[in-house]
1. Would you mind checking the tilt of helix 107-121 against the longest principal axis of the Cα atoms of the chain, expressed as 0 to 90 degrees and rounded to 10?
2. Rounded, prolate or oblate: which fits the chain, taking a ≥ b ≥ c as square roots of the Cα gyration tensor eigenvalues, rounded meaning a/c under 1.5, else prolate when a/b beats b/c?
3. Using the alpha-carbon atoms, what tilt in degrees (0 to 90, nearest 10) does helix 160-188 show relative to the longest principal axis of the chain?
4. How high is the FRET efficiency between residue 182 and residue 35 when r is their beta carbon distance and R₀ equals 45 Å, given to the nearest 0.05?
5. So for the pair residue 24, residue 167, with labels modelled 7 Å out along Cα→Cβ, what separation do we get in nm?
6. Taking the simple approach of a point 7 Å from Cα along Cα-to-Cβ for both residue 120 and residue 63, what is their distance in nm?
7. Please say if region 74-153 is rounded, prolate or oblate, where rounded means a/c under 1.5 for a ≥ b ≥ c the square roots of the C-alpha gyration tensor eigenvalues, and otherwise the choice is prolate for a/b larger than b/c and oblate otherwise?
8. For the pair residue 109 and residue 17, how long in nm is the line joining their label points, each one 7 Å along Cα→Cβ?
């Protein structure tokens with residue numbers, strides 16, 4: 001294995017490990033997203049395919065991980081219930097927005113997901129005294145989905161922060177190892 005590939009491997013391992021650690025700390029995405037985090041290092045070849053020109057790293061995760069990391073703008077924060085604890089736009093600078101029409105899923109699908117989540121987590125309506133109130137999981141799913149849809153999802157940066165920190169931490173090693181590999185190839189010839 002080349003020094004350059006080793007340096008890229010160290011960087012990618014660091015990014016994935018730190019991103020997983022961030023998910024654990026934030027209790028976001030836990031199982032499925034956590035388990036999907038991985039990377040692949042591929043050797044790039046010249047156009048004729050005869051010579052190796054370097055390596056590239058591709059990070060893998062569940063599709064929704066990007067939204068969790070970067071956040072999603074809400075459709076209309078003014079429509080959030082006045083009783084909601086979290087108010088206002090959660091991701092004003094995100095390139096993603098609820099209701100932009102880029103997903104093939106409907107709001108009804110989102111309500112079903114939130115209803116299933118509430119049931120799995122045993123989340124229920126409560127009154128001012130903390131006692132359970134009437135209302136089924138479908139109703140609760142609608143309230144949760146509506147609030148998330150309208151106010152958005154705050155960015156967690158669980159992946160972006162380690163990605164950028166890894167560049168600072170391993171950037172010099174990657175550059176030096178690339179130079180060393182080039183020198184080795186020149187000496188061979």
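Quick note: the coordinates plus some simple rules give every number you see, no bench work behind them. Every value quoted in this text rests on a predicted model; they were computed, and no experiment measured them. Glycine gets a Cβ as well: all are built from the backbone with ideal geometry, and neighbour counts include every protein chain shown.
1. 90 degrees
2. prolate
3. It is inclined by approximately 20 degrees.
4. Values: r = 37 Å, r/R0 = 0.83.
Given R0 = 45 Å and the Cβ-Cβ separation, E is 0.75.
5. So the two model labels end up 2.7 nm from each other.
6. It is 1.7 nm.
7. Working: a/c = 2.69, a/b = 1.47, b/c = 1.83.
Oblate is the answer for region 74-153, as a/c is 1.5 or above yet b/c matches or exceeds a/b.
8. 3.7 nm
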